[in-house]
Structures are given as structure tokens and as C-alpha cells.
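These notes concern the structure reproduced below.
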Amino acid sequence: ALQATDSIPIVFAMVDDPVAAGLVNSYARPGGNVTGVADANTVLAPKRLEIFSKVVPSLKRVMFLYDGGDPDSVKQARVYREAGGRLGVEVLARPVGTEAEAQAILAKIGNGGIDGILSPVTVYLNIPGLVLEAATRHGIPTMFPGAFWLDQGALSSYAPSFYSSGLQAARLVDKIIRGVKPRDIPVEVNNKIEFAISLKVAKTLGIKISPEVLYQADRIDR
């Protein structure tokens, strides 16, 4: 979109770090024809892994499959590995370049040794969908970056609310319609973080979620 126009206003809803991505000059002063809502998903990665280890106390080895060509996913892989070292959880970060590569890696997880799978934020190469299929087939717990995925069969999620990101972006669009220039509208950060658990999936996997963990959840699907 940026390559197509430098005058038509552009509002993004879910970007990890818009400054690093080159979309805006700064959060306070975007500068161009772009503004929006950042979700800072990489910052949340350590907490996401920590919560996953509480949901599944036996978690020792976790796979993180991601698109090796996506800068945000590469950064998240590093953060996950570092967080895993502190939590005593080995994170097997596996970059792939094609959907076929992702399928080949996931086809082997049924051989044992993997206690859980972390899904990437992006849907590049259909990795989240492939993760869900493989996890369901082999009975492996999953942690996703969005409660939306619980409706598709994920066990848990910890991430900014998609709904809240949309609402915030809509408010920015309204400002633009009323005449404010995108360059004068500070980038907002979605601070509405959701922790969601599917008890239905937990039962299928034979996982008993502790009352302490359930108490922390913002959403429980039964």
C-alpha cells in the first residue's frame, strides 16, 4: 500500500513494530500518510511461553515453526529461545521457506519429544492452519497469538484482542474522515491483552487445567 500511494491515508490494525517495519517515523509523529494500531506481539512472547508452561506443567520441549523470511517471526524465534532458557523450556525454533517444508516438519512430530507447539503470529505459508491440523492429529497442546484460533481447535492463546485492535483502528479512521492528517495521529498500542483457554480441547488432550490458571483466564471456552 505504501508503494502504491503517498497521499491516500492508510491505517493499519495489527503490526508488531511499525517503526522497525518502516511504516512510520515514530509512534508519536508518524510523519507520512500512515498511522494505526501496534500490537507489540514480540514483547508478549516471553509471557506467552510462561503462560503456556502453566497451562501444560509438563511442558519441556516446544516447537516454534515460522516463516524464515518474515523479520518479525525471526525476532520472535530469538525471544522465545531466550525466554525458554529462563523458564527451563527448550524451544525448537524451525524456520521454513515453503508450505511443503512446514508440512514435512510437522509430519514428524508424532514420533514424540514435542510437548507443545507455539504458532506464529502471521498466517504466511498457512503455518497456523498446518499447526492446528498436526496438533489435532497427534494430540499435542498448542498456544496461539489470538483467541480467534480457539474456535478452530487451539488449546490456548495469549495476545492482544483482535476486536480491540479493530475498534482502535476504526477510531483513527474516524479522525481522518473528520480532517485530521495521518501524520498528526500518534500510533496507538493495543493494551487489551487476552488469555484464553479451551476446556473442550483440554479434555480431549487429557489435560487438567489448574484452578489458579483458570482464574487468570479472560476467556474460557467450555
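State whether the residues of segment 104-119 include one that is under 26 Å from residue 162 (Cβ atoms), in contact with a strand residue (DSSP E or B) (Cβ under 8 Å, 6 or more places away or on another chain) and surrounded by fewer than 23 Cβ atoms within 10 Å (Cβ to Cβ). Within segment 104-119, not a single residue is under 26 Å from residue 162 (Cβ atoms), in contact with a strand residue (DSSP E or B) (Cβ under 8 Å, 6 or more places away or on another chain) and surrounded by fewer than 23 Cβ atoms within 10 Å (Cβ to Cβ).
With respect to being of a type in the set (Phe, Trp, Tyr) and in contact (Cβ under 8 Å) with a residue 60 or more places away in the chain, residue 148 falls outside the description.
Taken as a whole, segment 47-55 holds no residue that is surrounded by fewer than 21 Cβ atoms within 10 Å (Cβ to Cβ) and more than 30 Å from residue 106 (Cα to Cα).
Taking the conditions (1) under 30 Å from residue 210 (Cβ atoms); (2) modelled with pLDDT under 95; (3) open to solvent by 20 Å² or more (accessible area, probe 1.4 Å) in turn, residue 123 satisfies each one other than (1).
Put simply, of 166, 129 the only residue that is part of a helix (DSSP H, G or I), in contact with a strand residue (DSSP E or B) (Cβ under 7 Å, 6 or more places away or on another chain), surrounded by fewer than 18 Cβ atoms within 10 Å (Cβ to Cβ) and modelled with pLDDT of 95 or more is 166. Filtered by the rule that a residue be in a loop (DSSP other than H, G, I, E, B), in contact (Cβ under 8 Å) with a residue 60 or more places away in the chain and open to solvent by 20 Å² or more (accessible area, probe 1.4 Å), segment 1-18 gives a lone residue, 9. Of the helices (runs of 4 or more DSSP H) lying entirely inside segment 19-117, those containing at least 1 residues that are touching a residue at least 60 places away in the same chain (Cβ under 8 Å), of a type in the set (A, V, I, L, M, F, W, C) and touching a helix residue (DSSP H, G or I) at 6+ places or on another chain (Cβ under 6 Å) span 41-55. Filtered by the rule that a residue be part of a helix (DSSP H, G or I) and either open to solvent by 40 Å² or more (accessible area, probe 1.4 Å) or aromatic (Phe, Trp, Tyr) (or both), segment 201-222 gives 203, 204, 205, 211, 212, 214, 215, 216. Residue-level check: of (1) hydroxyl-bearing (Ser, Thr, Tyr); (2) under 13 Å from the mean Cα position of the chain (by Cα); (3) open to solvent by 10 Å² or more (accessible area, probe 1.4 Å), residue 142 misses just (3). Number of residues in segment 174-200 that are part of a helix (DSSP H, G or I) and open to solvent by less than 30 Å² (accessible area, probe 1.4 Å): the value is 1.
Within segment 37-44, does at least one residue satisfy the condition of being polar (S, T, N, Q), open to solvent by less than 10 Å² (accessible area, probe 1.4 Å), closer than 30 Å to residue 197 by Cβ and out of contact with any His (no Cβ under 6 Å at 6 or more places or on another chain)? For segment 37-44, residues polar (S, T, N, Q), open to solvent by less than 10 Å² (accessible area, probe 1.4 Å), closer than 30 Å to residue 197 by Cβ and out of contact with any His (no Cβ under 6 Å at 6 or more places or on another chain): present.
The values are calculated or read from the model by the stated rules, or taken from the named source; none is laboratory data. In this text, all values refer to a predicted model and were calculated from it rather than measured experimentally. In this analysis, Cβ positions are derived from the backbone assuming ideal geometry, glycine residues included, and neighbour counts consider all displayed protein chains. Only protein heavy atoms, including side chains, enter the accessible area calculation; ligands, DNA and RNA are left aside. Shrake-Rupley method; radii C 1.70, N 1.55, O 1.52, S 1.80 Å.
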